[in-house]
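Asks: To start, I am sharing the structure in question, which I have written as structure tokens.
Just so it is clear, none of the values below were taken in a lab; they were calculated from the coordinates. Everything quoted here is computed from the prediction, not taken from an experiment. Please note: Cβ atoms are built from the backbone with ideal geometry, for glycine as well, and neighbour counts cover all protein chains shown.
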Amino acid sequence: MKEDYQLIHKIHISEKATFLAQELNQYVFRVSPDANKIEIRKAIERLFKKTVLSVRTMQYSGKKKRERRADFGRKSHWKKALVTLAAGEKIEIA
């Protein structure tokens, strides 16, 4: 089993993520691509000491990246998790 800090990479901050946190009590995290919903739920509950109601995940494929003339590379694939917390519980984003 992986450690909590290996599963949860960082909190994803964007305009939409900020709106979800303020209005719907949902937080967006970048997580390990091989993490499942149960592991993500337990990691969030242990790290932040909050009650998680639901977890939704989305897979994103890495974009093509062009270097120099004909060398093509690829950014790494990543996974996003949308975590809904119980009413009245907040995570402080600094």
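Asks: When the residues of the range 55-82 are narrowed to those that are over 13 Å from Phe29 (Cα atoms) and small (Gly, Ala, Ser), which ends up farthest from the chain's Cα centre (by Cα)?
Replies: Ala70
Asks: Here is a check on your reading of the model: is Arg66 surrounded by 11 or more Cβ atoms within 10 Å (Cβ to Cβ) and either in contact with a strand residue (DSSP E or B) (Cβ under 7 Å, 6 or more places away or on another chain) or under 16 Å from Tyr5 (Cα atoms) (or both)? Outline the logic, then answer.
Replies: Details: surrounded by 11 or more Cβ atoms within 10 Å (Cβ to Cβ): no; either in contact with a strand residue (DSSP E or B) (Cβ under 7 Å, 6 or more places away or on another chain) or under 16 Å from Tyr5 (Cα atoms) (or both): yes.
Here the answer is no, as Arg66 does not meet what is asked.
Asks: Go through (1) more than 12 Å from the chain's Cα centre (by Cα); (2) closer than 23 Å to Met1 by Cα one by one and return the number of the condition Ile44 breaks.
Replies: (1)
Asks: Further, regarding this structure: Please note which strands (runs of 3 or more DSSP E) are completely contained in the chain and include at least 3 residues that are in contact (Cβ under 8 Å) with a residue 12 or more places away in the chain and touching a Ser or Thr at 6+ places or on another chain (Cβ under 9 Å). Explain how you work it out, then say what you get.
Replies: Working: elements: 8-11, 26-31, 52-60, 64-67, 71-74, 78-85.
It comes to 26-31, 52-60, 78-85.
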